[in-house]
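Enquirer: Questions regarding the structure given below will be posed in turn.
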Amino acid sequence: MEAKLSAASRRVAPSPIQQLSHLAQRAGAVNLAEGFPDFPAPAHVKAAAAAAIAADLNQYRHVQGICDVLAETMKRDHGLHVDPLTDFAVCCGQSEAFAAAIFAIIDQGDEVLLFDPAFETYQTPHNPTGKVFSKEELLIIAQACQKMDCFAITDEVYEYITYDENKHISLASLPGMQDRTIITSSLSKTYSVTGWRIGWACAPASIASAIRNIHVKLTDSAPAPFQEAALVALTSTPDFYTSLKKDYTARRDFILQMLTDFGFRISFKPQGSIFVFVELPRSWQLSDMEFVTNLIKNAGVAAVPGRGFFHSSSDDPSYHHRYVRFAFCKSNDTLNAAAEKMKKLAASDARILRPTDDGEAGQTVSAISP
């Protein structure tokens, strides 16, 4: 029956994240692999979803209020003037919004430029390195888009999760870019509801219309009660976003210290998002896949091999096999448990976490406070 499969389906294989997630589940490992929170979603957002379900708002639905709020937010935060009636498509998560945007503007044979490393599913530069583009860098991209007369599709799901002095700037806000940028985003990361699948695209009216039409053909409607809850989430008070940034900064700093103490090489401190991309110490003669597999089996901690995020060739064929991604969108208990498990393994004679040339590994990890 395999011969009956389409060529497209045969090209899609399980990702390293999927494969190792199954191994991690079987081993009962602490999950620092997948980018979803294991702590509760905000109470006011959950209450809004429960109220919508109780009110029987459970059928196909388009909640125009989401577009109205997003239009106000884009004007306030980015100086963008968009029409909430024509310039938005509410979709089943950012992934569908992104896929519908691709279907809307890309034909077979068109050229698409990608950043590398990038998320393996739909390839976004924020993931896995936590890069936040400066205005100067975005201006270079904007100039290139205008020179080549091409569109830009942005994934802005980490808009509110940035660190230190870094600030998210929407590419669409730069001169000449609003009419050639498709913004995609979602509730998932900011409000810790990755399973609700509420996302959107914002684009010039003709493109937004095409994205809406494709969305209707694919899934018809985003989940109705969660659309209602989105209205409450998107109008959260400023202190919610202040607390979000503070809490994630503490988690980022904790995992950076933990991984540094174990001998990992961190050449890029995350400026945003919920991941850190680290290089294995040069004295460790293991590939990323071997390291992660052993980490799951011997320490009970799951991470993601870095090779899945690279798509371009390299002068050094082993370069792509020396990186590992850790997610820190986890509770303090989870992060502390991971640190303890790795510390115990480092103290043993295990091969995967041993002292490096820089000194003893696993000796100075402290706990993150609740």
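Enquirer: How about region 47-72: which of its residues are in a helix (DSSP H, G or I) and open to solvent by 70 Å² or more (accessible area, probe 1.4 Å)?
Expert: Once the filter is applied, which keeps residues that are in a helix (DSSP H, G or I) and open to solvent by 70 Å² or more (accessible area, probe 1.4 Å), region 47-72 yields ILE53, ALA54, GLU72.
Enquirer: Pairs only if they're at least six apart or on different chains, beta carbon under 6 angstrom, first in region 109-133 and β-branched (Val, Ile, Thr), second at pLDDT 75 or above; list them, first residue then second.
Expert: Short answer, once both residue conditions are applied: THR124/ASP155; THR129/PHE268; THR129/PHE277; VAL132/THR162; VAL132/ASN166; VAL132/GLN271; VAL132/GLY272.
Enquirer: Oh, and also: Could you list, in sequence order, all residues of region 101-139 that are modelled with pLDDT under 90, open to solvent by 50 Å² or more (accessible area, probe 1.4 Å) and among the charged types (D, E, K, R)?
Expert: ASP116
Enquirer: Let me confirm something: among LEU259, LEU295, LEU286, LEU280, which residue is farther than 16 Å from THR129 by Cα and surrounded by 21 or more Cβ atoms within 10 Å (Cβ to Cβ)?
Expert: LEU295
Enquirer: Considering PHE291, PHE277, PHE268, which residue is part of a strand (DSSP E or B), assigned by the TED database to the domain that holds LEU32 and in contact (Cβ under 8 Å) with a residue 24 or more places away in the chain?
Expert: Within the list PHE291, PHE277, PHE268, the selection yields PHE277.
Enquirer: Is there a residue being in contact with an Asp or Glu (Cβ under 9 Å, 6 or more places away or on another chain) and not assigned by the TED database to the domain that holds ILE105 anywhere in region 235-254?
Expert: yes
Table: residues versus (1) without any contact (Cβ under 8 Å) to a residue 40 or more places away in the chain; (2) touching a strand residue (DSSP E or B) at 6+ places or on another chain (Cβ under 6 Å); (3) closer than 14 Å to PRO42 by Cβ; (4) among the hydrophobic types (A, V, I, L, M, F, W, C).
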site: ILE141; (1), (2), (3), (4): yes, no, no, yes
site: LYS147; (1), (2), (3), (4): yes, no, no, no
site: GLY195; (1), (2), (3), (4): no, no, no, no
site: CYS202; (1), (2), (3), (4): no, yes, no, yes
site: SER209; (1), (2), (3), (4): no, no, no, no
site: PRO225; (1), (2), (3), (4): no, no, no, no
site: ALA230; (1), (2), (3), (4): no, no, yes, yes
site: SER236; (1), (2), (3), (4): no, no, yes, no
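Enquirer: Continuing with this model, one more query. Do we find that ASP220 is part of a loop (DSSP other than H, G, I, E, B), farther than 17 Å from ALA327 by Cβ and open to solvent by 40 Å² or more (accessible area, probe 1.4 Å) in this structure?
Expert: yes
Enquirer: What is the residue count in region 83-111 for residues that are part of a loop (DSSP other than H, G, I, E, B) and over 22 Å from GLU228 (Cα atoms)?
Expert: Going through region 83-111 one residue at a time, the tally reaches 6.
Enquirer: Here is a further query. With ALA89, ALA48, ALA41 as the choices, which residue is touching a His at 6+ places or on another chain (Cβ under 9 Å) and in contact (Cβ under 8 Å) with a residue 60 or more places away in the chain?
Expert: ALA89
Enquirer: Here's a follow-up. Would region 53-67 turn up any residue that is out of contact with any Ser or Thr (no Cβ under 7 Å at 6 or more places or on another chain) and under 21 Å from LEU171 (Cα atoms)?
Expert: Checked against the condition, which is being out of contact with any Ser or Thr (no Cβ under 7 Å at 6 or more places or on another chain) and under 21 Å from LEU171 (Cα atoms), region 53-67 yields at least one hit.
The values are calculated or read from the model by the stated rules, or taken from the named source; none is laboratory data. Model, not experiment: these values are computed from the prediction. Neighbour counts are summed over all protein chains in view; Cβ atoms, including those assigned to glycine, are modelled from backbone coordinates with ideal geometry. Surface areas here come from the heavy atoms of the whole protein model, side chains and all, with no ligands, DNA or RNA. Shrake-Rupley method; radii C 1.70, N 1.55, O 1.52, S 1.80 Å.
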